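The values are calculated or read from the model by the stated rules, or taken from the named source; none is laboratory data. Only a predicted model underlies this, so the values are computations on that prediction, with no experimental measurement involved. Note that each Cβ is placed from the backbone with ideal geometry, even for glycine, and that neighbours are counted across all protein chains shown. With ligands, DNA and RNA removed, areas are computed over all heavy atoms of the protein, side chains included. Shrake-Rupley method; radii C 1.70, N 1.55, O 1.52, S 1.80 Å.
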Amino acid sequence: MGARSDIDRTPAQFTAAVELIRQAVLRPEVVVDEMPAPQRIAPHAFAISGDVLVGDDELATGRFILLHDPAGNDAWGGTFRCVTFARADIEADMAADPVLPSVGWSWLTEALEAYGSGYTAGSGSVTVVRSEGFGEMEADGSDAQIEVRASWTPLVEAPTPGMDSHAAAWSNLLCAIAGLPPLAPGVIPLPRRRGVR
């Protein structure tokens, strides 16, 4: 019995990080829900999904996952790892721009920097896909999407901001990929209509 209860305990550091994510002040256009987290990547994981909604239009979607291994992970260079995915439809002519992948990556790094979210070991990819309909699908025309997949090791020790800043930066990435303008410096976003569920 005693060994089982030791295994089932969730580290206080992970519990505190999850609470900070749940309390993060996100962009008001981002509606989030908790979702099942991957179970085999790390001993502890927490995940949220988010959609950028403007009126009735869903402009972007994504996920933010926090992984924690109390023993540390050499590949991460720490005990925590943030993993994100963001996707949005874009104009077909934008997809032809050769600098778009670099710009997409800068949306993430600039968001992390804007929130003072210290991090190391950032890695990921930006994929731009353009599709054109032919034959019976010609009426569908063309469409294009951009996807950002990334992970980084957050620096969560004081005085670096906590995990809430990483979640807030992720919400800015979602809004950037959706084509929304950044909030002006000093502007405080209105509270979300719905919190993390």
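General remarks:
- Beta carbons closer than 7 Å, at least 6 apart along the sequence or on distinct chains, pair a first residue in the range 77-88 that is closer than 21 Å to Leu59 by Cα and part of a strand (DSSP E or B) with a second that is modelled with pLDDT under 95 and open to solvent by 40 Å² or more (accessible area, probe 1.4 Å) for Arg87/Gln145; Ala88/Gln145.
- Every test in (1) open to solvent by 50 Å² or more (accessible area, probe 1.4 Å); (2) touching a helix residue (DSSP H, G or I) at 6+ places or on another chain (Cβ under 8 Å); (3) more than 30 Å from Thr15 (Cβ to Cβ); (4) among the hydrophobic types (A, V, I, L, M, F, W, C) is passed by Ala114 save one, and that test is (3).
Results for (1) among the basic types (Lys, Arg); (2) surrounded by fewer than 18 Cβ atoms within 10 Å (Cβ to Cβ); (3) part of a loop (DSSP other than H, G, I, E, B), shown as yes or no for each residue.
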| position | (1), (2), (3) |
| --- | --- |
| Pro38 | no, yes, yes |
| Ala45 | no, no, no |
| Ile48 | no, no, no |
| Asp51 | no, yes, no |
| Leu59 | no, no, no |
| Gly62 | no, no, no |
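- Residue within the range 89-108 that is surrounded by 14 or more Cβ atoms within 10 Å (Cβ to Cβ), in contact with a Ser or Thr (Cβ under 7 Å, 6 or more places away or on another chain) and not hydrophobic (A, V, I, L, M, F, W, C) present: no
- The range 89-101 residues that are under 13 Å from Ile177 (Cβ atoms), paired with ones that are part of a loop (DSSP other than H, G, I, E, B) (beta carbon under 8 Å, 6 or more apart): Ile90/Gly179
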